[in-house]
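Everything on this sheet refers to the single structure shown next.
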Amino acid sequence: MDLAALTGHIAPVAFGIATIGPAIGVGIVVGKTVESVARQPELQGRLTGLMFLGIAFTEALAFIGIAVAFIPFPA
Amino acid sequence: MGTPFEINRIMLVRFIAVAALLLLFWLGTRRMRTIPGRGQSLVELAIGFVRDSIVYNNLGEKDGKRFLPLITTIFFLVIALNITGIIPFLNIAGSSVIGLPLVLAVIAYVAFVYAGIKKSPLGFVKNSLVPSGVPIGVLLVVTPMEFISTFIVRPVTLALRLLMNMVGGHMLLVLCFSATHFFLFSAGGWFGLFSIGTFAFGFAFTLFEIMVAALQAYVFALLTTIYIQLALVEEH
């Protein structure tokens, strides 16, 4: 198969690559929150809020990845 | 027709969602009593959640009172327009085209810039552009980065996060249910069995979308509050 002969849109590939980083990031955020709640269960409410905040910041990068597909780049 | 004020399906869904929101609040607060009835206590629970766990928790009571109406409006507007994505016959989120998230992001942007400038113009600029304890040479790199992250990336990500969550969720649902339709009616033979799986996934993602709708409203309101809080911090 000749790679140069492939046609189609590159945006899905960009999104696929863009999800890798945020996926790892969200995993770390949630994992650390679980760890903290296991250590101090009484802080769960506050930690959950912080966790969603951290997830929101991290996953914004993946959403920029999706948005790329909607930008009309000159071909 | 053809003008920017044309009524399309998404505009119609937005009108319905806002009308439903107004109706719910009107019904809930029609006869206010000291001992709340069922409707009133539900409304009080929702508003109390926004007030206590989003606004007062981060801004404190004094500053929180000023921004409470804004944050409450943002929260309930976003949740009403998000939840239409999974309501049968509406089936599209009112926030799944760029207009509404953009307007809300601009409002949040104006709110936190206003909060900072009202408090002290110099302090706001210094706090957001010049982090304390950074050597003077490093500031050449840090200040442009802080400018971009505070004044450009914040509103853009605020709008994109809401929009892309709704667009992505809608696409997942469309994929699952159109696959179900295809396997059940068009594929023929034993392919019909696949439709059970795709329908189950569609159902699961519908439940997931309910959570995402509430979560995005929470995140949008929380981030607006945090940005206002960061604009209001004392100089140190």
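Once you have the Kirkwood Rh of region A:31-75 from its Cα pairs, apply Stokes-Einstein at 4 °C and 1.567 mPa s and quote D in µm²/s. Once the numbers are plugged in, D ends up at 102 µm²/s.
Where in chain B are the DSSP H helices whose C-alpha atoms run 15 Å or more along the long axis and whose mean Kyte hydropathy is at least 0.0? All intermediate terms of the calculation are to be shown ahead of the outcome.
Details: long enough: B:9-28 (28 Å, 2.14); B:38-49 (17 Å, 0.65); B:57-83 (32 Å, 0.66); B:99-119 (30 Å, 1.64); B:136-148 (19 Å, 2.13); B:154-181 (40 Å, 1.08); B:194-232 (55 Å, 1.69).
Length and hydropathy pass: B:9-28, B:38-49, B:57-83, B:99-119, B:136-148, B:154-181, B:194-232.
The alpha-carbon of B:K119 sits under 20 angstrom from the alpha-carbons of these lysines, leaving out residues fewer than 8 places away in its chain: B:K62, B:K65.
Quick one: pull the percentage of alpha-carbon pairs in the protein assembly as shown with a separation above 24 Å. Working shown, then result.
Working: 30944 of 48205 pairs.
The answer is 64 percent, as a whole percent.
Among A:T19, A:T33, A:T58, the largest mean-square fluctuation in a Gaussian network model of chain A (Cα springs under 10 Å) belongs to A:T33. Comparing B:L81, B:L68, B:L129 in a Gaussian network model of chain B, where Cα atoms under 10 Å apart are tied by springs, the biggest mean-square fluctuation is seen for B:L129. Expressed in units of 2.2 N^0.38 Å, where N is the residue count, the Cα radius of gyration of region A:3-69 is 1.54.
Its Cα gyration tensor gives chain B an equivalent ellipsoid; the semi-axes, largest first and in whole Å, are 39, 26, 16. The charge dipole of the protein assembly as shown, taken about its Cα centre with unit charges on the Cβ of Lys, Arg, Asp and Glu (plus for the first two, minus for the last two), comes to roughly 900 debye. A Förster distance of 25 Å, applied to the separation of the beta-carbon atoms of B:R30 and B:D52, puts the FRET efficiency at 0.55.
Partner lysines whose Cα lies under 23 Å from the Cα of B:K126, excluding those fewer than 8 positions away in the same chain, are identified as B:K118. Springs join every pair of Cα atoms under 10 Å in this Gaussian network model of chain B, and among B:G192, B:G137, B:G202 the largest mean-square fluctuation is at B:G137. The 3J(HN,Hα) values that the Karplus relation (6.51, -1.76, 1.60; θ = phi - 60°) gives for region A:40-56 are, in residue order, 9, x, 6, 8, 4, x, 5, 5, 5, x, 5, 4, 5, 4, x, 4, 4 Hz. Gly and Pro appear as x. Report the calculated FRET efficiency for A:T19 and B:M171 (r = Cβ-Cβ distance, R0 = 25 Å), to the nearest 0.05. Working from the Cβ atoms, E equals 0.95.
When you restrict to C-alpha pairs under 8 Å that are six or more residues apart and normalise by the size of chain B, the relative contact order lands at 27 percent. Projecting the Cα atoms of B:P155, B:A111, B:N127 onto the dipole axis of chain B, where Lys and Arg carry +1 and Asp and Glu carry -1 at the beta carbon, places B:A111 farthest toward the positive end. Spin-label model, B:I210/B:I7: points 7 Å from Cα along the beta carbon direction are separated by 3.0 nm.
Peptide B:160-167 is shielded by partner chain Cβ atoms: per residue, an average of 4 of them sit within 10 Å of its Cβ.
Measure nothing fancy, just the Cα-based angle from helix A:11-39's long axis to the longest principal axis of chain A, in degrees from 0 to 90, nearest 10. With rounding to tens, the tilt is 10 degrees. Take the Cα of B:K118, step 7 Å toward its Cβ, do the same at B:S178, and the gap between the two points is 4.7 nm.
All of the numbers you see were taken from the coordinates with simple rules; none came from a lab. Just so it is clear, the structure is predicted and the values come from calculations on it, not from any experiment. Cβ: placed from backbone, ideal geometry, glycine included. Neighbour counts: every protein chain shown.
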